[in-house]
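This report refers to the structure that appears directly beneath it.
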Amino acid sequence: MKNSITIILLLFAVTFSSAQMRKWTLQECVEYAVENNLTVEQFELDLENAKIDKSDAVGNLLPSLNGNASGSSNTGFSINPTNNLPTNRTANNVNISATSSITLFDGLRNINQLNRAKMNAIANQYRLDNLKDDIRLNVANAYLQVVSNKEQLKTFRAQYAVTEQDLKRTKELVESGVLPRGDLLEIEATAANQEQQIINGESLVLISRVNLAQLLQITDYENFDIAEEEFEIPPSDILKNSPKVIFDKALGFRNDIKFSESNVELAEQDLKIAKGAYLPTLSAFFQYGTRYSDVTQIPDGNGIPYTPSLVDQLWIFDGISYGAQLNIPIFNGWSTRNNVMRSKIGLEKAKLQFKQDKLDLENTIQQAYVDVGTFEKAYEAAEKTLEARRLSYEYAKERYDVGLMNAFDFSQAQARVENAQADVIRTKYDYIFRLKILEFYFGLPISLN
């Protein structure tokens with residue numbers, strides 16, 4: 001028994017440790033953010049409401065059916081339901097009826113409301129999908145920021161390790177009298193500055209991890225981290241397509257554009273519904289009813305009055321009524337006219353917003369296209385600068401080791417390498433993210449592989 005408990009506890013500890021040490025990949029972060037975002041859940045509820053509205057619109061085309069039953073007792077003066085004469089006795093009455101009505105024509109408003117409800121459900125789906133697209137881009141950006149900050153931190157630590165070796169050698173040279181003590185102080189200042197860089201780098205990693213966790217709505221920041229991956233510049237042929245080609249393709253699948261276009265269609269339906277109020281409304285009804293009263297008396301076969309039973313009266317006094325009603329609008333204080341005018345204005349606004357959204361998308365794609373080319377060149381230039389700085393640093397180190405360069409000039413050469421390495425990392429991930437944005441507008445999924 002003890003052995004079994006021990007094994008269970010060990011398994012639990014291993015499982016718990018694994019859960020705590022989970023490293024998130026980009027794909028896992030994106031999927032989790034989409035599935036657990038509170039705004040997504042709210043939009044999903046809006047979509048459910050839109051589907052209910054569609055069900056309401058379908059129901060408006062169907063006939064209504066309502067039943068009614070009532071019972072009453074009258075003491076004292078009342079009207080005898082048999083002969084409509086006053087009576088002064090206690091009477092117990094039962095009334096039962098069923099009524100059905102249907103709108104035959106209402107200016108096609110019911111049909112237009114059904115079409116609008118269908119369009120509104122589609123529009124809410126576009127809005128939900130567009131929100132998910134935005135979340136994917138935001139998560140990818142935040143994820144790459146964590147990766148970039150981690151690489152910067154690795155660079156700071158590697159630089160500090162080299163400086164520690166330089167510090168050790170400088171101490172030996174100072175103690176042997178080869179170098180002045182000022183050189184040692186300069187190297188120590190460089191090491192202190194790099195220690196500060198490491199502290200700042202750790203802070204940036206932590207902040208970027210927290211930002212990413214907040215996008216995922218994960219509150220356990222201390223145990224949240226991303227997978228240890230190094231990303232290279234992914235191969236891409238996206239720049240072989242012109243901005244016009246990318247824009248034309250984006251118009252066909254971008255959910256924000258579809259949502260904006262569906263708003264125009266909704267406004268057109270609203271105008272049709274408003275205009276329908278100018279037309280007559282025709283409805284029909286059918287009613288079945290019966291009653292019972294214990295003061296009712298009818299003659300029997302011998303002409304002697306008697307009170308029929310409840311069941312007999314329900315059959316004897318049942319009846320039906322049916323008919324149609326036509327309502328013609330003549331004057332209603334200009335409310336119909338004003339609603340039509342408001343709907344026309346709403347339609348024009350929706351059209352203008354649709355044009356603006358397409359223009360914004362075109363501008364965004366143009367900017368993204370320029371950004372890809374710009375950051376690609378910036379990354380290539382940063383790599384060339386880093387290579388030149390490294391060669392210069394190696395030459396400076398050779399001179400410093402033989403006492404031909406002082407510690408200040410040597411530390412400056414080292415600082416220039418550090419800055420060049422930071423530029424390479426920054427421009428690298430700036431380029432990757434802009435590349436992914438442009439590919440995203442071209443319809444390619446977000447992936448760093």
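The values are calculated or read from the model by the stated rules, or taken from the named source; none is laboratory data. Everything quoted here is computed from the prediction, not taken from an experiment. Here the Cβ is made from the backbone with ideal geometry for all residues, glycine too, and neighbour counts use every protein chain on show. Side chains included, ligands, DNA and RNA excluded: accessible areas come from the protein's heavy atoms. Shrake-Rupley method; radii C 1.70, N 1.55, O 1.52, S 1.80 Å.
Taking a temperature of 25 °C and a viscosity of 0.890 mPa s, what whole-number D in µm²/s does Stokes-Einstein yield for the range 140-280 with Rh from Kirkwood over alpha carbon pairs?
Estimated diffusion coefficient is 115 µm²/s.
Kindly provide the Kirkwood hydrodynamic radius of the range 24-75 in Å, to one decimal, from all pairs of distinct alpha carbon atoms.
Evaluated on the range 24-75, it is 15.8 Å.
Please compute the alpha carbon radius of gyration of the range 40-141, then divide it by the globular-protein estimate 2.2 N^0.38 Å. Two decimals is fine.
Compactness ratio reported: 2.10.
What whole-number value in cubic angstrom gives the convex hull volume per residue for the C-alpha atoms of the range 117-220?
In the range 117-220, the Cα convex hull volume per residue is 84 Å³.
Using the heavy atoms of the protein chains alone and a 1.4 angstrom probe, what is the accessible area of the range 298-357 per residue in square angstrom?
77 Å²
Under the Karplus relation 6.51 cos²θ - 1.76 cosθ + 1.60, θ = phi - 60°, what is the ordered set of whole-Hz ³J(HN,Hα) values for the range 60-65, x standing for Gly and Pro?
5, 7, 9, x, 9, 9
With axes computed from alpha carbons, what is the tilt in degrees of helix 335-401 against the longest principal axis of the chain, rounded to the nearest 10 within 0 to 90?
In the chain, helix 335-401 runs at an angle near 20 degrees to the longest axis.
Sorted by average packing, counted as other Cβ atoms within 10 angstrom per residue and highest first, what order do 104-117, 240-253 take?
Peptide ranking by packing, descending: 104-117, 240-253.
Send over a whole-number figure in Å² for the accessible area per residue of the range 65-220, probe 1.4 Å.
Value returned for the range 65-220: 54 Å² of accessible area per residue.
Beyond 32 Å between alpha-carbons counts as too far, so tell me which of Lys23/Lys171; Lys240/Lys349; Lys240/Lys428; Lys23/Lys240; Lys358/Lys384; Lys249/Lys384 fall in that bin.
Lys23/Lys171; Lys240/Lys349; Lys23/Lys240; Lys358/Lys384; Lys249/Lys384
Which angle from 0 to 90°, rounded to the nearest 10, does the C-alpha axis of helix 255-276 make with the longest principal axis of the chain?
Roughly 20 degrees between the two axes.
Taking the alpha-carbon set of the range 351-449, what are its Rg and Dmax in Å?
Considering the range 351-449 through its Cα atoms, Rg and Dmax are 21.0, 75 Å.
Find the Rg to Rh ratio for the range 81-149, where Rh is the Kirkwood radius over alpha-carbon pairs and Rg uses the same atoms.
Result: Rg/Rh = 1.63.
³J(HN,Hα) across the range 413-428 via Karplus (A = 6.51, B = -1.76, C = 1.60, θ = phi - 60°), whole Hz, x for Gly/Pro?
4, 5, 5, 5, 5, 4, 5, 5, 4, 5, 5, 4, 5, 4, 5, 4
Rounded to the nearest percent, how much of the accessible area of the range 101-256 (1.4 Å probe, protein heavy atoms only) is carbon and sulfur?
The value for the range 101-256 is 52 percent carbon and sulfur by accessible area.
Can you list residues from other chains, or at least 5 along the same chain, whose modelled amide H is less than 5 Å from the amide H of Ala227?
Trp24, Thr25
Over the alpha-carbon set of the range 249-370, work out the extent along each principal axis and list the three values in angstrom, largest first.
Dimensions of the range 249-370 along the principal axes of its Cα atoms: 106, 35, 18 Å.
Once the principal axes of the Cα atoms of the range 91-130 are found, what is the range along each, listed largest first in whole angstroms?
So the extents along the principal axes, rounded to whole Å, are 68, 25, 9.
Given q = 0.07, 0.08, 0.11 Å⁻¹, what are the Debye log10 I(q)/I(0) values for the chain, with equal point scatterers placed on the Cα positions and solvent ignored?
Result of the Debye calculation: -0.69, -0.78, -1.05.
When only C-alpha pairs under 8 Å and at least 6 residues apart count, what is the relative contact order of the chain, in percent?
With pairs under 8 Å counted, the relative contact order is 22 percent.
Just the number, please: Stokes-Einstein D of the range 269-318 in µm²/s, Kirkwood Rh from C-alpha pairs, 20 °C, 1.002 mPa s.
My calculation gives 143 µm²/s for D.
Once the Cα atoms of helix 26-36 and of the chain are each reduced to a long axis, what angle between those two axes, in degrees from 0 to 90 to the nearest 10, is obtained?
Approximately 30 degrees, to the nearest ten.
How are the Cα pair distances of the range 403-449 distributed, in percent, across 5 Å bins from 0?
P(r) for the range 403-449, in whole percents per bin: 5, 18, 15, 12, 10, 8, 9, 7, 6, 5, 3, 1.
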